[in-house]
1. Give me 33, 41 sorted ascending by neighbouring Cβ count inside 10 Å, so fewest comes first.
2. Return the FRET efficiency for the residue pair residue 80, residue 50: r is the Cβ-Cβ distance, R0 is 22 Å, and the value is rounded to the nearest 0.05.
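Read the figures in this text as sums done on the coordinates, not as results from a lab. These numbers come from a predicted model, not from an experiment. Backbone-built Cβ (ideal geometry, glycine too); neighbour counts: all protein chains shown.
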């Protein structure tokens, strides 16, 4: 689940732009902040996976429902 999401995210950043997308020169800016946030979230999820806490709400300590992690593999809290 997490690995599939990471592969999808990676593909999003590595796919060449289509001819309908602006070129680098035409693009106002590349959102490096968003890329850095995504990377930080992935690194946090991997750290939690290594620590065995990936499936646990980091505030309440309660298990995160599978549906929450399926919807957002980087979830750290249960939104419910």
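1. Values: 33 9, 41 16.
Exposure proxy ranking, most exposed first: 33, 41.
2. 0.25
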